[in-house]
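The values are calculated or read from the model by the stated rules, or taken from the named source; none is laboratory data. Since the structure is predicted, the reported quantities are computational estimates derived from the model, not experimental observations. Using ideal geometry, Cβ is built from the backbone for each residue, glycine included, and neighbour counts are taken over all protein chains shown.
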Amino acid sequence: MDERRGTLINLKKKMTSVIIIFSIFLFSFGSLVLAAQDPEVEIGNITRLRGERPNQLIGYGIVVGLNGSGDSNRSQATVQSVANMLQNFGVNVTDNQVASQNIAAVMVTAELPSVAHNGDELNITVSSIGDADSLQGGTLLLTPLQAPNGKVYASAQGPLSVGGYSAGGGGNSQQQNHPTVGKIPNGALVEREISSHLDAKNLTYVLTNPSYKTASQIASKINNSFGTGTAKALNNSTVNISKPDNFSYDMVDFIAEVNSLKVRPALKARVVIDERTGTVVFSHNVHISTVAVAHGNLSVSISTQENVSQPNPLSEGETTTTEDVQIEVDEGQEGNMLIVSQENTIEDLVTALNAIGATPRDIISIIQKIDAAGALHADLIIE
């Protein structure tokens, strides 16, 4: 004998606004199934060893070879830099004698790995600091890159790759992307080595995404593999590990073994919105409570129906409850209707709005208002 109980939420189209009502059950069977399908990942991919971190490098340089798109004479830093550079080559000029728009002053940035050797190559980013229109076609001259401690760790030089352009004439101009920022793949060479010294006995792992559940899983997995007491989770982002006395290999081999162990990390409910591109990304475990939103010229119906299966009294079966979700979307025109069966999450909302051609701005605005009402059970990140 089946008993059916339906919850019907209708959103009727009006001339200027429409009420959208969502009745969401926070712990649906479908979402639990998706959670069980989260992949296991290696510990080394979600953690790092404390002390092993990249280092930021920065330098001031000159880009030459620009086709009249460089800095103007108003950029005194560029004029003075060029004059000083030429003097180093035995060419004596004054600031007033430097008048070329084929040159631009730039800042050069790079990231130095936690372990680096002489001759290692680094990718660099070159950014204009003057009034240059474009760095396209330019070449960066030899530029020392230093760390916050003032020591030089790398030197950069080479032709720029600019993923944009800027063109104009007759009072009109057109620009694509950012032509005043360029990159040089493998454009810097490491001049000073950085080495890492490992403790012979103890290690501290730092989680990339802090989580008490994930930290506990990592400690349990390591203890199950190497023995009780090998690992201990100190907090939501730190796990202390001691190499077992019976482990005959060195610390590098032990780290490799630990990093290869797999766990299923906890996935935090999160919605990420990029207002510039209209992109909305959300995890599968984002839920919405009952909420009403008035927005735009839309018409949506969401129907949630519970099915109760009652077995024969003489059988050994158990009573089970399942949910069927139907989404009906209507723009007020005949034939524009969509029916979908899926989980009771934010995916219902996004799918319904996409089906009737709602713009990304509409979707973003609705999600923001739901979060403001306290009905979005997730972290909302706006970029």
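The table below lists the values:
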quantity	calculated
Every residue from region 213-237 that is farther than 13 Å from residue 43 by Cβ and in contact (Cβ under 8 Å) with a residue 40 or more places away in the chain	213
Identity of the residue in region 238-253, free of Cβ contacts under 8 Å to residues at least 40 places away in the same chain and touching an Asp or Glu at 6+ places or on another chain (Cβ under 9 Å), that ends up surrounded by the fewest Cβ atoms within 10 Å (Cβ to Cβ)	249
Selection count, region 219-231, where residues are exposed (fewer than 15 other Cβ atoms within 10 Å of the Cβ) and under 16 Å from residue 261 (Cβ atoms)	5
Members of region 84-111 that are of a type outside the set (S, T, N, Q) and over 21 Å from residue 126 (Cα atoms)	86, 89, 90, 91, 93, 95, 98, 99
Out of 200, 266, 256, sole residue that is under 30 Å from the mean Cα position of the chain (by Cα), loosely packed, with under 15 Cβ neighbours inside 10 Å and at pLDDT below 95	256
Complete set of residues in region 98-118 that are of a type outside the set (A, V, I, L, M) and in contact with an Asp or Glu (Cβ under 6 Å, 6 or more places away or on another chain)	114, 117, 118
Which numbered condition residue 123 fails, given (1) closer than 20 Å to residue 71 by Cβ; (2) of a type outside the set (Gly, Ala, Ser); (3) at pLDDT 95 or above	(1)
Filter pass, residue 141 being touching a residue at least 40 places away in the same chain (Cβ under 8 Å), touching a Gly at 6+ places or on another chain (Cβ under 7 Å) and not acidic (Asp, Glu)	yes
Every residue from region 214-239 that is out of contact with any Phe, Trp or Tyr (no Cβ under 8 Å at 6 or more places or on another chain) and of a type in the set (S, T, N, Q)	214, 216, 217, 220, 223, 224, 225, 228, 230, 237
Checking residue 112 against (1) buried (at least 20 other Cβ atoms within 10 Å of the Cβ); (2) more than 30 Å from the chain's Cα centre (by Cα), the condition it does not meet	(2)
Residue that is surrounded by the most Cβ atoms within 10 Å (Cβ to Cβ) [pool: residues in region 56-76 that are in contact with a helix residue (DSSP H, G or I) (Cβ under 7 Å, 6 or more places away or on another chain) and not hydrophobic (A, V, I, L, M, F, W, C)]	71
Residue satisfying all of: in region 65-92; assigned to a helix (DSSP H, G or I) and among the β-branched types (Val, Ile, Thr); nearest to residue 132 (Cα to Cα) among these	78
Counted residues, region 77-99 - those being loosely packed, with under 15 Cβ neighbours inside 10 Å, within 26 Å of residue 155 (Cα to Cα) and among the polar types (S, T, N, Q)	5
Every residue from region 115-164 that is part of a loop (DSSP other than H, G, I, E, B), of a type in the set (Gly, Ala, Ser), more than 23 Å from residue 88 (Cα to Cα) and in contact with a Leu (Cβ under 9 Å, 6 or more places away or on another chain)	119, 132, 134, 137, 147
